[in-house]
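Chemist: Before we start, here is the structure in question, set down as structure tokens.
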Ligand SMILES: Nc1nc2c(ncn2[C@@H]2O[C@H](COP(=O)(O)OP(=O)(O)OP(=O)(O)O)[C@@H](O)[C@H]2O)c(=O)[nH]1
Ligand SMILES: [Mg+2]
């Protein structure tokens, strides 16, 4: 029988360590690891699912984007997901503040960058029963305020560790994407976004990474370079200090020197040090 196909880019968003990468790995490969390696830049996973909607077979081809989760890296985040068709908002059931930041940080960012696309809301780590700080009811309340972005089931309690509800959650998003009209983009000019909001060392680092990725072509290609340079410069993404970001700028310039003309990498280096000099803390 003929199968209707749909291709969709989707993005997982939520604070650091809520389990975005783990959910993708569970969904894609059925695997779970207890080590924590923060995601930097952007990684893409392709996965298709087959569904039956109203008696008709559907195939959904997902391109799943996993991006930097640290709050404050708005510019890098923005360049990573600006043409996503849907979003999975992940919070950690053992940390209530991660649910609050879906409302205060992640939804506003999505609305500003891509507009009101279908979203689903997951509370992850349901296996940690003893440490739970909230449950499905609170997630449903939050999801309820976003019903306008797609009608259907859009809240789940999940576990990347046990696999509970993980597949069902992705299927719900697929269903929302297939049955709801995706509104047109807001048309935000990403290059102009937040250029004036560089107030801290973290903001400066965010802009420097986004600028590097912008010149490199795409965030996903730039990711391995950025990751390596951040590691050798000993930058702590949660709380970057000025000296480590200076090392990062110099190391980036050295790396860029390998494939760019010398004057261009020097110009970049100067520009990036200037950005850092202009922030106070
Ligand atoms: N018990 C339990 N631990 C989990 C679960 N999901 C993720 N973890 C653990 O939580 C930690 C963070 O998981 P990640 O998947 O790396 O989190 P993330 O949201 O991708 O983090 P960033 O990339 O920094 O934004 C890791 O140590 C995981 O093993 C879960 O369902 N149950
Ligand atoms: Mg991650």
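Nothing in this text is a laboratory measurement; each read-out follows from the coordinates by a stated rule. Everything numeric in this text was worked out from a predicted model, so none of it was measured. FYI the Cβ positions are ideal-geometry reconstructions off the backbone, even for glycines, and counts take in every protein chain you see.
Chemist: Using a simple spin-label model with points 7 Å from Cα along the Cα→Cβ vector, what separation in nm is obtained for residue 5 and residue 246?
Modeler: Roughly 5.4 nm, to one decimal.
Chemist: With each label point set 7 Å from Cα along the Cα-Cβ vector, what nm distance links residue 261 and residue 47?
Modeler: 4.5 nm
Chemist: Still on this structure, I have one more. Counting other beta carbons within 10 Å of each Cβ, put 134, 75, 82, 36 in order, fewest first.
Modeler: 36, 82, 134, 75
Chemist: Report the calculated FRET efficiency for residue 227 and residue 136 (r = Cβ-Cβ distance, R0 = 41 Å), to the nearest 0.05.
Modeler: 0.70
Chemist: Once label points are set 7 Å from the Cα along Cα→Cβ at both residue 36 and residue 238, what is their separation, rounded to one decimal in nm?
Modeler: About 0.6 nm separates the two model spin labels.
Chemist: From the Cα gyration tensor of the range 195-278, with a ≥ b ≥ c the square roots of its eigenvalues, which class applies: rounded if a/c is under 1.5, or else prolate if a/b is larger than b/c, or else oblate?
Modeler: rounded
Chemist: Still on this structure: Within the range 4-179, what percent of beta bridges assigned by DSSP are antiparallel, to the nearest 5?
Modeler: 35 percent
Chemist: Same structure again: By the gyration tensor of its Cα atoms, with a ≥ b ≥ c the square roots of the eigenvalues, what is the shape of the range 1-101: rounded for a/c under 1.5, prolate for a/b over b/c, or oblate?
Modeler: Values: a/c = 2.09, a/b = 1.73, b/c = 1.21.
It comes out prolate by the Cα gyration axes.
Chemist: While we're here: Against the longest alpha carbon principal axis of the chain, how many degrees, from 0 to 90 and to the nearest 10, is the axis of helix 20-29 turned?
Modeler: Once rounded, the angle reads 60 degrees.
Chemist: Also: Which whole-number percentage describes the relative contact order of the chain, with Cα contacts under 8 Å and a sequence gap of 6 or more?
Modeler: In percent, rounded to a whole number, it is 19.
Chemist: Here's a follow-up. Rounded, prolate or oblate: pick one for the range 4-179, where a ≥ b ≥ c are the square roots of the eigenvalues of its C-alpha gyration tensor, a/c under 1.5 means rounded, and failing that, prolate if a/b is larger than b/c, else oblate. Walk me through the numbers before you get to the answer.
Modeler: Details: a/c = 1.28, a/b = 1.18, b/c = 1.09.
Cα axes put the range 4-179 in the rounded bin.
Chemist: Something else now. Using alpha carbons only, how many degrees (0 to 90, rounded to 10) separate the axis of helix 201-216 from the longest principal axis of the chain?
Modeler: 80 degrees
Chemist: In degrees, nearest 10, range 0 to 90: what is the angle between the Cα axis of helix 242-257 and the longest Cα principal axis of the chain?
Modeler: Taking Cα atoms only, the helix is inclined about 90 degrees.
Chemist: Relative contact order of the range 232-279: what whole-number percent is it, with Cα pairs under 8 angstrom and at least 6 residues apart?
Modeler: So the answer I get is 33 percent.
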